[in-house]
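Reading through the structure tokens given below for one structure.
The values are calculated or read from the model by the stated rules, or taken from the named source; none is laboratory data. This one's a predicted model, so the numbers in the text were calculated from it and none came from an experiment. Because the Cβ atoms are built from the backbone with ideal geometry, glycine has one as well, and the counts that use them run over all protein chains shown.
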């Protein structure tokens, strides 16, 4: 399985050039993954691969290589470490979905985000994850009513740090509903923190 993923990602070294050249400040080689880098990245534990703000898939995304970062996440999921929990897999699917949405790939972004839903979520839980995910999907599907309905679900959820952050994101999606996801997700669209 790793050999097929390696070949597929190496092939991407040729395709991303067109994507990278569309962003003048980006050097094409920054979006390419060398075989030795790929093996190292795919061997990282979840926290290093997903949560490290300057490493894992985020290093590619921070260089503007969002599509390549999403594909790297897919490769990681395809050969996921056995200890990876369903919640962690959901986080990865959601992050890949966000990256795909930022590149204008709304349809495939929605399918990734749907895979991040938590069927075990409790209404009394600390994080209203499903409402947040469904709000993002509603934005990408251009369904303003569902976006507002999911926002209302988030607003009445427990006032945890995570829910407050996610509510701010969703308010930004509502405020900039006519903009692309990457713009609407940005801080400029979110309400000022009180």
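Out of the range 130-153, which residues are touching a residue at least 24 places away in the same chain (Cβ under 8 Å) and in a helix (DSSP H, G or I)?
131, 132, 133, 135, 136, 137, 139, 140, 144, 147, 148, 153
Condition first: modelled with pLDDT of 95 or more and farther than 26 Å from residue 155 by Cα. Can you find one or more residues in the range 90-103 that meet it? Reasoning before the result, please.
Going residue by residue through the range 90-103, those that are modelled with pLDDT of 95 or more are 90-103.
Next, only the ones that are farther than 26 Å from residue 155 by Cα stay: 100, 103.
Yes.
Kindly check whether there is at least one residue in the range 104-116 that is over 28 Å from residue 160 (Cα atoms), at pLDDT 95 or above, assigned to a helix (DSSP H, G or I) and in contact with a helix residue (DSSP H, G or I) (Cβ under 8 Å, 6 or more places away or on another chain).
Scanning the range 104-116 turns up at least one residue that is over 28 Å from residue 160 (Cα atoms), at pLDDT 95 or above, assigned to a helix (DSSP H, G or I) and in contact with a helix residue (DSSP H, G or I) (Cβ under 8 Å, 6 or more places away or on another chain).
Sort through 140, 167, 100 and tell me the only one that's surrounded by 15 or more Cβ atoms within 10 Å (Cβ to Cβ) and farther than 27 Å from residue 71 by Cβ.
Details: 140 fails: farther than 27 Å from residue 71 by Cβ; 100 fails: farther than 27 Å from residue 71 by Cβ.
Unique residue meeting the criteria: 167.
Would you say residue 78 is surrounded by fewer than 21 Cβ atoms within 10 Å (Cβ to Cβ), in the same structural domain as residue 50 (by TED's automatic domain parsing) and either out of contact with any strand residue (DSSP E or B) (no Cβ under 7 Å at 6 or more places or on another chain) or in contact (Cβ under 8 Å) with a residue 60 or more places away in the chain (or both)?
Details: surrounded by fewer than 21 Cβ atoms within 10 Å (Cβ to Cβ): yes; in the same structural domain as residue 50 (by TED's automatic domain parsing): yes; either out of contact with any strand residue (DSSP E or B) (no Cβ under 7 Å at 6 or more places or on another chain) or in contact (Cβ under 8 Å) with a residue 60 or more places away in the chain (or both): yes.
So residue 78 fits the description; yes.
Quick one: in the range 24-52, which of the residues that are part of a loop (DSSP other than H, G, I, E, B) and at pLDDT 90 or above is farthest from residue 95 (Cα to Cα)? First the steps, then the outcome.
Here is the first cut: in the range 24-52, the residues part of a loop (DSSP other than H, G, I, E, B) are 24-27, 32-34, 43-45, 52.
Subsequent filtering for residues that are at pLDDT 90 or above retains 43-45, 52.
Details: 43: 18, 44: 17, 45: 16, 52: 13 Å.
It comes out as 43.
Those residues that are more than 9 Å from residue 132 (Cβ to Cβ) and outside any loop (DSSP other than H, G, I, E, B), I need them from the range 154-163; list them, please.
155, 161, listed by residue number.
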